[in-house]
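The values are calculated or read from the model by the stated rules, or taken from the named source; none is laboratory data. Everything numeric here is computed off the predicted structure, so don't read it as measured data. All Cβ positions, glycine included, derive from the backbone under ideal geometry; neighbour counts span all protein chains shown. For accessibility, only protein heavy atoms count, side chains too; no ligands or nucleic acids. Shrake-Rupley method; radii C 1.70, N 1.55, O 1.52, S 1.80 Å.
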Amino acid sequence: CRWFLDKGRIKEAAAYAMKAENGAILEEIVQDKGMDLLEDGELEALEQWRDFLAGRGGGKKAFTLFLDGLIQRKRGREQSELKMFEMALEKAKEERNQEIYIKSLFVMARCLAERGEGAQAEACMRAGVEKELEPYSRPWYDGMMGWSCIRLITDQEKGALELLEQILHTPDGKDLESPSGWQVVFKTEAANLIGILTSCNSLQWSAILARLDQEDSQDGFAESLCAAKLILSGNINSLEIPGL
């Protein structure tokens, strides 16, 4: 199994993990590679692994529940996806897994927004960010970016700008992980988005976002909007940008 992993042959590695009845290794594979395989459309393989882990008690973990929600989403099962994200959210709180918490919160809110339940999506993000996340922590910045995205999806451009301004003007932290710092990255992304929104406020951002692949998280949000802006300005062909 490890040999196949080292060679990047993920499906074969997973098959051997299941033959060995080693749920721990399979869970590690799903954690590390599940999102990539989801993007590649490997739904059947992921469903098989999910069922194996669920049979060993792993199906109750926050990440597995979140992944199952994404699988349901890809399958177009609206009710199932929402239920799985709600379960993932509660389990992430129990596990104190803020990374999965914020991912589940964002995608659940997006599901609600896409169903026309904008007010509920807004309430969901507000409660999650304001009540569950420590201000100025990395998950908080993630949450604020996600919240601004939800506001754009629901055509609340002014509200999105307010959240981005909050990110931009937060106090600088002292213990950043690198010279550039994750906080600097968030502030730069917020500044870029503010620039785009204020210079192109006549564009239909909800329509643009509907064409962008944002199912998994809000990662790459600013880059996607920058790409959209270039396409709409006529300066680049959409076929030149993978994923659009």
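Condition first: out of contact with any Lys or Arg (no Cβ under 8 Å at 6 or more places or on another chain), at negative phi, open to solvent by 20 Å² or more (accessible area, probe 1.4 Å) and not acidic (Asp, Glu). Now tell me which residues in region 86-96 satisfy that.
Scanning region 86-96 gives MET87, LYS93.
Cβ contacts < 8 Å: first residue within 16 Å of GLU47 (Cα to Cα), restricted to region 11-25; second residue open to solvent by 50 Å² or more (accessible area, probe 1.4 Å) and acidic (Asp, Glu), any location; separation 6+ or different chain. Result?
LYS11/GLU42
Taking region 147-163 only, how many residues are assigned to a loop (DSSP other than H, G, I, E, B) and under 16 Å from THR198 (Cβ atoms)?
Adding up the residues that qualify gives 1.
Can you pull out the residues in region 75-117 that are touching a Cys at 6+ places or on another chain (Cβ under 8 Å) and of a type in the set (A, V, I, L, M, F, W, C)?
Answer for region 75-117, where residues must be touching a Cys at 6+ places or on another chain (Cβ under 8 Å) and of a type in the set (A, V, I, L, M, F, W, C): LEU82, PHE85, LEU105, PHE106, MET108, ALA109, LEU112.
Each row is one residue, and each column tells you yes or no for (1) assigned to a loop (DSSP other than H, G, I, E, B); (2) among the basic types (Lys, Arg); (3) farther than 17 Å from LEU82 by Cβ; (4) open to solvent by 20 Å² or more (accessible area, probe 1.4 Å).
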position: LYS131; (1), (2), (3), (4): no, yes, yes, yes
position: TYR141; (1), (2), (3), (4): no, no, yes, no
position: MET145; (1), (2), (3), (4): no, no, yes, no
position: GLU165; (1), (2), (3), (4): no, no, yes, yes
position: GLN183; (1), (2), (3), (4): no, no, yes, no
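Take the conditions among the aliphatic types (A, V, I, L, M) and at pLDDT 90 or above and apply them to ILE167. Does it pass?
It is true that ILE167 is among the aliphatic types (A, V, I, L, M) and at pLDDT 90 or above.
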